[in-house]
Every structure is written in C-alpha cells, then in structure tokens.
Amino acid sequence: MHRLAHFDALTALPNRRLLLEQMHAVLLAARNGGELGGLFYIDLDNFKQINDARGHEVGDHLLVQAAKRLRDLAAPADTVARLGGDEFVMLVPRLGRDPGAARLQALQFAQRLRDSLDAPYTMDGARYSSSASIGVTLFPKGAEGVADLLREADTAMFRAKDQGRNQVCFFEQGMHAAVQERLALEQDLKSAVANDALATYVQPQVDAKGRLTGGELLLRWSDPVRGAVPPARFIAAAEEAGLIARMGARVIHQACAALAELAQRGRALSISVNVSPRQFRQVDFVAQVRQALADTGAPAHLLTLEVTEGLLVENWQDTAERMNELVALGVRFSIDDFGTGYSSLAYLKKLPLYELKIDRSFVQDTPGDPNDAAIVQAILSVAGHLGLRVVAEGVETQEQADFLTSRHCDGLQGYLFGRPEPLAGWLARIAA
C-alpha cells in the first residue's frame with residue numbers, strides 16, 4: 001500500500017506525493033543549514049509524437065529508459081520523481097553555500113541531464129530521439145513553499161520550450177509576472193472573441209500602374225483597458241489559447257461576404273486572408289471554406305488564402321491534398337513572408353500555388369541595400385519562370401515602388417498606397 005501510494009507504477013520513481021514530502025524536509029533543512037539546493041523540472045520534447053506514432057508501449061519503454069538515465073546521474077541524496085506523462089523532477093539538496101557557485105553547479109548538472117536525455121533511445125531494434133527542456137530554480141530564496149518552487153521550475157521549463165526546446169532555463173522573478181500577464185491577455189482575448197470585439201481591417205493592393213486590385217484582411221483589437229494590442233501579440237496568444245481557428249473562420253466568412261458584395265456592384269477585386277497552420281489543419285477547414293463560399297455566393301477565384309512556409313514543413317502529403325481540394329473549389333493560394341522560412345524550394349513546383357508575397361524585411365531596404373535588392377530580384381526571377389504572381393508588401397516609398405515595378409513585380413502593398421482601414425468603410429467607399 002505504501003509503494004502504491006508513493007511510487008510511480010511504470011518507472012518505480014517517487015511520485016508527486018512523495019516528492020512533496022521530501023521537498024518539505026529538504027527546504028526546511030536548507031533554511032536551517034544555509035545550504036543551497038536546486039529543483040530541476042524536466043519535460044521530454046516531442047514525446048507525444050512518438051507516443052502517437054508508435055504506440056503507448058514504445059512510449060512507456062522510452063519513459064522507463066529516461067527514468068534510468070536520470071537515476072544514473074543522481075547522487076545518493078538527490079530525489080528523482082515522475083510527476084506524470086513525460087514530466088520528471090529532480091531535487092538536488094546540496095549545491096553549496098555560495099549563490100554564484102551554486103548556480104554554476106546547477107547549470108552544469110542541468111546540461112549533463114539534457115545531454116543524457118538527448119542521446120538516442122533504442123527499442124525493438126529501432127532508434128528514437130527525444131530531447132528535453134529543463135527549468136531550474138534554486139532555494140531557499142525567501143518564504144517560498146514547495147508549491148512555489150514547483151511552479152517556478154515549471155515556469156522556467158516552459159520558457160526553455162519557448163526558446164526552441166532542448167534548452168536549460170533558470171527561473172527569474174520577472175517570469176512569474178510574464179506568465180500572469182500572458183494568462184490575463186488570453187482571458188481578455190477569449191472575452192473579446194466571444195463578444196465579437198475584434199475589428200476587421202483591409203489594406204489595399206495595387207498593380208504595377210497603381211490601380212486597385214484588391215486587399216488583404218487584417219484583424220485589429222482595441223481593448224477598453226489595454227488599448228490597441230499589437231497583432232503580433234494577440235495572434236500569438238490566440239494560437240496558444242486555441243482561439244485562432246475560430247477567429248480565422250470568422251475572417252474567411254467576412255472575406256467571402258465582401259467578395260460577394262463587390263461582385264454585386266461589378267467590382268472584380270480580390271481579397272486575401274491569412275491562414276495559420278493550426279487553422280489550416282483543422283479537420284473541417286475545407287468544409288468551412290466551402291460553406292462560406294456557398295452561404296455568400298462569393299466568386300471563389302477571387303479569394304486568396306495566404307499561408308506561411310512553416311505550413312509546408314510537416315505533413316507534406318496532407319497539406320498538398322488539402323490545398324488541391326480548395327483549389328478545385330476555385331480558391332487561390334499565396335505564400336506569405338516568402339523567403340523567411342526554412343522549407344525547400346521544391347514545393348514551388350509541387351503545390352498548386354498562385355502567388356508569392358515578398359516579405360517586408362527584404363523590401364524596406366531596397367534598392368539601397370544590394371543584398372536585399374538581389375534577394376528581391378531572385379524571387380521575382382524564380383516566380384516569373386514558374387508562372388507565379390508576386391506581391392511585395394511593406395512598400396512605403398516611391399523609390400521602392402519604382403524598383404519593384406521595373407523588375408516586373410505584379411502587385412504592391414504598403415503605406416505608400418494605403419494604410420489598413422475598417423473593412424466596412426473601405427467597401428462603402430470603393431463599391432459606391
């Protein structure tokens with residue numbers, strides 16, 4: 001009964017209950033004796049992918065091997081525990097009395113943990129890789145209890161994941177405030193989405209002669225307390241909170257409604273909409289687009305879905321199949337922020353693409369910067385040979401526009417031609 005209550009059945013490591021009991025004792029001893037200790041929160045990276053792809057039996061074997069590697073690195077006074085899933089905690093009570101030396105020793109130990117867990121795992125003759133993100137907090141620092149220490153180490157671990165995974169990160173006081181602010185932002189955003197408080201704006205796109213060809217829809221959020229929240233900030237929060245699919249579906253429906261209204265007034269202008277990878281991979285995404293087109297009667301060939309190169313890195317066949325389904329409806333695809341991703345150029349000839357968008361980071365210093373100018377010309381050349389349309393975003397000066405049009409850039413978008421404005425006002429103005 002004692003073993004069932006205090007130890008993990010799979011790895012035979014102490015469980016959360018026993019860990020907390022030992023943390024209470026170690027923390028009390030550290031306060032009385034002046035010895036600094038460390039708490040290491042360890043999360044295996046990409047474990048869920050292995051578990052889903054190869055089954056729970058393989059996943060369990062990997063966890064057992066990971067537990068053994070942690071035990072092998074632990075000193076007799078250390079505690080290695082499994083909290084559940086792929087999360088482990090190591091309690092190291094003796095790192096010395098000097099704060100600087102203790103931090104250095106903790107860093108070196110965390111790096112040994114990371115290197116050990118990064119080594120390939122062999123199961124049934126197959127090799128698997130699963131690195132680890134590690135968060136570290138030192139104690140005692142003040143009046144923190146064991147729950148505070150666990151929360152600090154957990155927070156640092158998530159920061160390590162945010163920094164690219166397979167990292168070691170120490171808890172800093174500002175992290176807790178940042179986590180609280182992120183949670184508050186997500187809650188406010190959920191309320192804004194539920195109350196339809198996000199505004200849809202449009203930024204015009206023009207051709208080489210400056211004639212209006214359409215626009216890109218953009219979301220804006222003005223919170224009563226926070227004021228105007230930058231899109232980069234609330235879009236990232238929407239991704240983390242699982243709101244992006246709902247927000248994206250609404251914008252696609254608005255785009256179709258706008259296209260239908262323009263068509264009724266004899267304006268054959270295109271509308272572009274950004275689609276996040278998470279939204280694109282929704283099981284019913286194709287059905288959502290099909291339904292939006294059917295509900296509004298919008299001309300599908302004037303709807304352009306902008307996706308980033310990151311979408312093309314994983315699940316290549318599934319991505320291509322879904323894109324082909326949408327192209328069969330008449331929808332067109334554009335690669336947004338082209339040139340800033342890491343995927344192969346092979347997708348340019350394998351996927352049903354219509355357009356490339358040159359990222360503003362390349363446009364802003366042209367034609368003055370020879371490197372950016374060369375990149376822009378290379379993109380235009382590749383697109384021209386493949387029969388793809390090109391739009392340059394972030395065009396702010398006439399000099400930039402002249403450079404782009406002289407190199408046969410099809411479309412331009414930026415402050416030189418118009419700032420984002422509310423969709424309703426833009427429609428009323430151009431469709432009059």
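The values are calculated or read from the model by the stated rules, or taken from the named source; none is laboratory data. Please read all numbers here as calculations on a predicted model, not as lab measurements. Note that each Cβ is placed from the backbone with ideal geometry, even for glycine, and that neighbours are counted across all protein chains shown. The protein model used for the area step is the full one, side chains on, heavy atoms only, and it has no ligands, DNA or RNA in it. Shrake-Rupley method; radii C 1.70, N 1.55, O 1.52, S 1.80 Å.
The single residue among 114, 82, 103, 71 that is within 19 Å of residue 23 (Cβ to Cβ) and either hydroxyl-bearing (Ser, Thr, Tyr) or surrounded by 15 or more Cβ atoms within 10 Å (Cβ to Cβ) (or both) turns out to be 82. Could you check segment 285-297 and list, in sequence order, the residues that are open to solvent by 70 Å² or more (accessible area, probe 1.4 Å) and without any contact (Cβ under 8 Å) to a residue 40 or more places away in the chain? Passing the criteria: 290, 291, 294. Just give me the residues in segment 130-165 being farther than 25 Å from residue 94 by Cα and touching a residue at least 40 places away in the same chain (Cβ under 8 Å), in sequence order. Of everything in segment 130-165, those that are farther than 25 Å from residue 94 by Cα and touching a residue at least 40 places away in the same chain (Cβ under 8 Å) turn out to be 130, 131, 161, 165. Scanning segment 26-47 for residues that are under 25 Å from residue 112 (Cβ atoms), of a type in the set (D, E, K, R) and either modelled with pLDDT under 85 or surrounded by fewer than 20 Cβ atoms within 10 Å (Cβ to Cβ) (or both) returns a single hit, 35.
Could you identify the single residue in 394, 339, 418, 411 that is in contact with an Asp or Glu (Cβ under 9 Å, 6 or more places away or on another chain), at positive phi and modelled with pLDDT of 90 or more? Let's see the steps before the verdict.
On the way: 339 fails: modelled with pLDDT of 90 or more; 418 fails: in contact with an Asp or Glu (Cβ under 9 Å, 6 or more places away or on another chain); 411 fails: at positive phi.
Exactly one residue qualifies, and that residue is 394.
Within segment 165-198, being open to solvent by 30 Å² or more (accessible area, probe 1.4 Å) and either touching a His at 6+ places or on another chain (Cβ under 7 Å) or at pLDDT below 85 (or both) holds for 173, 174, 176, 177, 178, 179, 180, 181, 182, 183.
In segment 1-23, which residue that is part of a loop (DSSP other than H, G, I, E, B) and open to solvent by less than 90 Å² (accessible area, probe 1.4 Å) is farthest from residue 146 (Cα to Cα)? It would help to see each step written out before you state the result.
Step one: of segment 1-23, the residues part of a loop (DSSP other than H, G, I, E, B) are 1, 8-13, 15.
From what's left, open to solvent by less than 90 Å² (accessible area, probe 1.4 Å): 8, 10-13, 15.
Numbers: 8: 20, 10: 25, 11: 23, 12: 22, 13: 19, 15: 15 Å.
Here the answer is 10.
Residues in segment 23-47 that are without any contact (Cβ under 8 Å) to a residue 12 or more places away in the chain and among the basic types (Lys, Arg): how many? Talk me through it step by step, then tell me what you get.
As a first pass, look at segment 23-47 and keep what is without any contact (Cβ under 8 Å) to a residue 12 or more places away in the chain: 25, 28, 32-33.
Keeping just the survivors that are among the basic types (Lys, Arg) gives none.
Of the residues in that region, 0 qualify.
Note on segment 230-247: residues that are open to solvent by 10 Å² or more (accessible area, probe 1.4 Å) and touching an Asp or Glu at 6+ places or on another chain (Cβ under 9 Å) amount to 3.
Can you confirm whether residue 358 is within 25 Å of the chain's Cα centre (by Cα), open to solvent by less than 50 Å² (accessible area, probe 1.4 Å), among the hydrophobic types (A, V, I, L, M, F, W, C) and over 26 Å from residue 282 (Cβ atoms)? Step through it out loud before you land on a result.
On the way: within 25 Å of the chain's Cα centre (by Cα): yes; open to solvent by less than 50 Å² (accessible area, probe 1.4 Å): yes; among the hydrophobic types (A, V, I, L, M, F, W, C): yes; over 26 Å from residue 282 (Cβ atoms): yes.
So residue 358 passes the test.
Output the residue which, of all residues in segment 319-351 that are open to solvent by less than 50 Å² (accessible area, probe 1.4 Å), of a type in the set (Gly, Ala, Ser) and under 20 Å from residue 376 (Cα atoms), is nearest to the chain's Cα centre (by Cα). Filtering segment 319-351 for residues that are open to solvent by less than 50 Å² (accessible area, probe 1.4 Å), of a type in the set (Gly, Ala, Ser) and under 20 Å from residue 376 (Cα atoms), the one nearest to the chain's Cα centre (by Cα) comes out as 341. Scanning segment 389-425 for residues that are surrounded by 21 or more Cβ atoms within 10 Å (Cβ to Cβ) and over 30 Å from the mean Cα position of the chain (by Cα) yields 400, 401, 404, 409. The strands (runs of 3 or more DSSP E) found entirely in segment 195-292 that carry 2 or more residues being in contact with a helix residue (DSSP H, G or I) (Cβ under 6 Å, 6 or more places away or on another chain) are 199-207, 212-223, 270-274. Scanning segment 377-388 for residues that are under 21 Å from residue 270 (Cα atoms) and open to solvent by 60 Å² or more (accessible area, probe 1.4 Å) turns up just one, 387. Among the residues of segment 248-263, the one identified as open to solvent by 50 Å² or more (accessible area, probe 1.4 Å) and in contact with a Pro (Cβ under 7 Å, 6 or more places away or on another chain) is 263.
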